[in-house]
1. As an exercise: evaluate GLN47 against (1) without any contact (Cβ under 8 Å) to a residue 60 or more places away in the chain; (2) within 13 Å of PRO85 (Cα to Cα); (3) surrounded by 14 or more Cβ atoms within 10 Å (Cβ to Cβ) and give the number of the one condition it does not meet.
2. Considering VAL91, VAL106, which residue is touching a helix residue (DSSP H, G or I) at 6+ places or on another chain (Cβ under 8 Å) and either modelled with pLDDT under 80 or not aromatic (Phe, Trp, Tyr) (or both)?
3. Just to check your reading of the model, which residue among ASP24, ASP96, ASP56 is at pLDDT 90 or above, closer than 30 Å to PHE113 by Cα and surrounded by 10 or more Cβ atoms within 10 Å (Cβ to Cβ)?
4. Within region 84-112, which residues are among the hydrophobic types (A, V, I, L, M, F, W, C), more than 23 Å from the chain's Cα centre (by Cα) and not in a loop (DSSP other than H, G, I, E, B)?
5. What are the residues in region 7-36 that are small (Gly, Ala, Ser) and in a loop (DSSP other than H, G, I, E, B), if any?
6. Quick check on region 59-93: of everything there that is within 15 Å of PHE5 (Cβ to Cβ) and β-branched (Val, Ile, Thr), which residue is surrounded by the most Cβ atoms within 10 Å (Cβ to Cβ)?
7. Being assigned to a helix (DSSP H, G or I), in the same structural domain as GLY27 (by TED's automatic domain parsing), surrounded by 12 or more Cβ atoms within 10 Å (Cβ to Cβ) and not acidic (Asp, Glu): is that true of ALA115 here?
8. Just the residues that are modelled with pLDDT under 90 and either in the same structural domain as SER123 (by TED's automatic domain parsing) or not hydroxyl-bearing (Ser, Thr, Tyr) (or both), please, taken from region 11-21.
Amino acid sequence: MKQVFYPALVSKDQDSDYDISFPDFAGCVSAGGTIEQAIRSAHEALQLHIEGIIEDKDPIPAATPLADVMTDDVLALVLIGARLPGKAQRVQITLDEHLLAEIDAVADNRSGFLAEAARDKLSRLMSNN
């Protein structure tokens, strides 16, 4: 997977949380009581939105240049990273036969299962940093 950074607009009304929206992804929004909380939520919102696009087999948009999205009502403009899928690559791995049997018992697609497990683990490791 490659890392791509998308512009995210931070705004705040007087009596609300900080809101984040993505010009490249209609309907992908996030919020938080602080800018830091909103940005953390934005990472998850963007990744989930992109995963939905991938599942629907729709094209993932390119990131809009920052200069094209800045407006007067924007409090801040930040870049939010997202992991985009790359081309599938065949690899040879070694697994315990019992673990492999357990995977096969619950998964329709062994490779898909292992890729999803790896993404979940990487996501947890990166969120702890």
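The values are calculated or read from the model by the stated rules, or taken from the named source; none is laboratory data. All values derive from a computational prediction rather than experimental measurement. Cβ placement follows ideal geometry from the backbone for every residue including glycine, while neighbour counts extend to all protein chains displayed.
1. (1)
2. After ruling out the rest, the residue left standing is VAL106.
3. Just one listed residue meets the conditions, ASP24.
4. Pass one, region 84-112, residues among the hydrophobic types (A, V, I, L, M, F, W, C): 84, 88, 91, 93, 95, 99-101, 103, 105-107.
Okay, now just the ones that are also more than 23 Å from the chain's Cα centre (by Cα), so 91, 93, 95, 99-101, 103, 105-107.
Residues satisfying the conditions are LEU99, LEU100, ALA101, ILE103, ALA105, VAL106.
5. Keep residues of region 7-36 that are small (Gly, Ala, Ser), which gives 8, 11, 16, 21, 26-27, 30-33.
Result: SER16, ALA26, GLY27, GLY33.
6. ILE80
7. Numbers: assigned to a helix (DSSP H, G or I): yes; in the same structural domain as GLY27 (by TED's automatic domain parsing): no; surrounded by 12 or more Cβ atoms within 10 Å (Cβ to Cβ): yes; not acidic (Asp, Glu): yes.
When the stated conditions are applied, ALA115 does not pass them.
8. The initial filter retains those residues of region 11-21 that are modelled with pLDDT under 90, namely 11-17.
LYS12, ASP13, GLN14, ASP15, ASP17 - these are the residues of region 11-21 that are modelled with pLDDT under 90 and either in the same structural domain as SER123 (by TED's automatic domain parsing) or not hydroxyl-bearing (Ser, Thr, Tyr) (or both).
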